[in-house]
Structures are given as C-alpha cells and as structure tokens.
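Below is one structure, written out as structure tokens; comments come after it.
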Amino acid sequence: MEEWQTWANSVSSGKVSSIYYILQAPDTWAGSSDKNNPYSGLYVKIGRSNNVLKRLSNLQTGTFGQLILHALEPGGSEKENYLHEKFSNERRQGEWFICTKELTKHIFTTWFRNKVLPPEHQMKLMQLAERIGVYSHIHSLMGGKPDLVNPSISEPWECEKYVFVDLVYSSLAKQVNNK
C-alpha cells in the first residue's frame, strides 16, 4: 500500500515511471459488435513514461482520432516488457494493441485497482461509455452496424445498409459546435 501511495502521489509531478494505457477512439469507429467487449475494434497503446500527459500530447499530433488515457499503474521497463509479451498476440504496430476481451478486462481491472486518472480523462471515458451505449442502441434499431461512419464528404458514400454521421461525438461535431 505504501508503495502505491508513493507512486500515486508522484505521478502528476513526473518523478516516477508509469505504465499507461491510452485508448484510440477514431471518428470512423462504428462501435462494438461484441456485447462482451465494448472496446471491440479499438486500439490501445501500452507504454511507459514519467510524464504521461506530455507523452499523450505528443501522440495526439500523429494519431487519428481521440486519445483517452484509460489507466495508469506503477512500473518501469520490466513491467512494460511483461505486458507487451502477455498481449503479444494482440499487437498490431509498435506499442499499439487491438482491444480484445482479455485486454479490455485488463485495462478496466488496472483502472479500478489504481484509481489514478486526470479529471478530463475521467470525463472522456464517461463520454465514450455514453457513445458505446448510443451506438449499441442504433445498431439494434437499424439491424446492425453501419457500412460507413463519418465518411468524407469528398468521396462517394457507397453502402448496402446505411451511413451514420455522428453529429454528437465526432470531431466533425466539435468543429461545427465550436463555430
């Protein structure tokens, strides 16, 4: 307990190494089709940093979609290597992993165990949970997932079922609402 307390008190100052789980939620994500895994189709970066928010900011400039800091835990390179090995079957590119049911459960367990997240990311997680619920409801109303979600207006919208333009959660909605 004392180790955790020391780590938790030092995270925001950047004086201690932390393992982070950063979730990528792109505008084009159609939502999960797996009722047992709300993050099906999403990716998570498992990495390590002393300054997680700075790392997140650097990642955001080169990453498509919203990045959400989902969980933190104490740890250095050994712990990071262990996690990369544990979830090696889910690795897609570099430190990015597909959110399987097992990995999603691990992320939530880590979050519940450590309970350390900046308030703005707690809010982003609540918004994502709301988005997942809304998308799930739309899937049930429309008979499945859409063919396209938030497609470019410059390209043809060819689809068999339906196109879904998200005017609430997407960056498109944020651009319109900020004008």
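The values are calculated or read from the model by the stated rules, or taken from the named source; none is laboratory data. This is a predicted model, so every value here is computed, not measured. Don't worry about glycine lacking a Cβ; one is built from the backbone with ideal geometry, like all the others, and counts go over all protein chains shown.
Which of the residues belonging to region 91-109 are modelled with pLDDT under 95, surrounded by 12 or more Cβ atoms within 10 Å (Cβ to Cβ) and either closer than 15 Å to Leu23 by Cβ or of a type in the set (Val, Ile, Thr) (or both)? Of everything in region 91-109, those that are modelled with pLDDT under 95, surrounded by 12 or more Cβ atoms within 10 Å (Cβ to Cβ) and either closer than 15 Å to Leu23 by Cβ or of a type in the set (Val, Ile, Thr) (or both) turn out to be Glu95, Trp96. Of Lys161, Lys124, all but one fail to be of a type outside the set (Val, Ile, Thr) and over 14 Å from the mean Cα position of the chain (by Cα); the exception is Lys161. Looking across region 35-50, the residues that are among the polar types (S, T, N, Q) and surrounded by 16 or more Cβ atoms within 10 Å (Cβ to Cβ) come down to Asn37, Ser40, Ser49. Every test in (1) hydrophobic (A, V, I, L, M, F, W, C); (2) more than 12 Å from the chain's Cα centre (by Cα); (3) under 29 Å from Lys161 (Cβ atoms) is passed by Leu72 save one, and that test is (3).
Let's see how each residue does on (1) in contact with a helix residue (DSSP H, G or I) (Cβ under 8 Å, 6 or more places away or on another chain); (2) assigned to a helix (DSSP H, G or I):
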position	(1), (2)
Val134	no, yes
His137	no, yes
Ser140	no, yes
Ser154	no, no
Cys159	no, no
Tyr169	yes, no
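When you look at Ser13, is it surrounded by 20 or more Cβ atoms within 10 Å (Cβ to Cβ) and polar (S, T, N, Q), yes or no? The answer is no for Ser13. Within region 29-54, residues that are over 29 Å from Val163 (Cα atoms) sit with their Cβ atoms under 6 Å from residues that are of a type in the set (Gly, Ala, Ser) and assigned to a loop (DSSP other than H, G, I, E, B), at 6+ positions apart or across chains, in these pairs: Arg48/Ser17; Asn50/Gly14; Asn50/Ser17; Asn51/Gly14. The residues listed here are Lys45, Lys86; of these, the one that is at pLDDT 90 or above, of a type in the set (D, E, K, R) and either touching a helix residue (DSSP H, G or I) at 6+ places or on another chain (Cβ under 7 Å) or under 28 Å from Tyr135 (Cα atoms) (or both) is Lys45.
Looking at region 102-115, is at least one residue touching a residue at least 40 places away in the same chain (Cβ under 8 Å), assigned to a strand (DSSP E or B) and under 13 Å from the mean Cα position of the chain (by Cα)? No, region 102-115 has no match at all. Listed by first and then second residue, the pairs linking a residue in region 11-25 that is closer than 9 Å to Gly47 by Cβ to a residue that is part of a loop (DSSP other than H, G, I, E, B), with Cβ atoms under 6 Å apart and 6 or more places separating them unless they lie on different chains, are Ile19/Gly75. Those strands (runs of 3 or more DSSP E) of region 1-86 in which 2 or more residues are among the hydrophobic types (A, V, I, L, M, F, W, C) and under 21 Å from Met126 (Cβ atoms) occupy 18-25, 66-74.
Give the residue, chosen from Tyr162, Tyr169, that is touching a Lys or Arg at 6+ places or on another chain (Cβ under 8 Å) and at pLDDT below 90. Break it down into steps so the answer makes sense when it comes.
On the way: Tyr162 fails: touching a Lys or Arg at 6+ places or on another chain (Cβ under 8 Å).
It is Tyr169.
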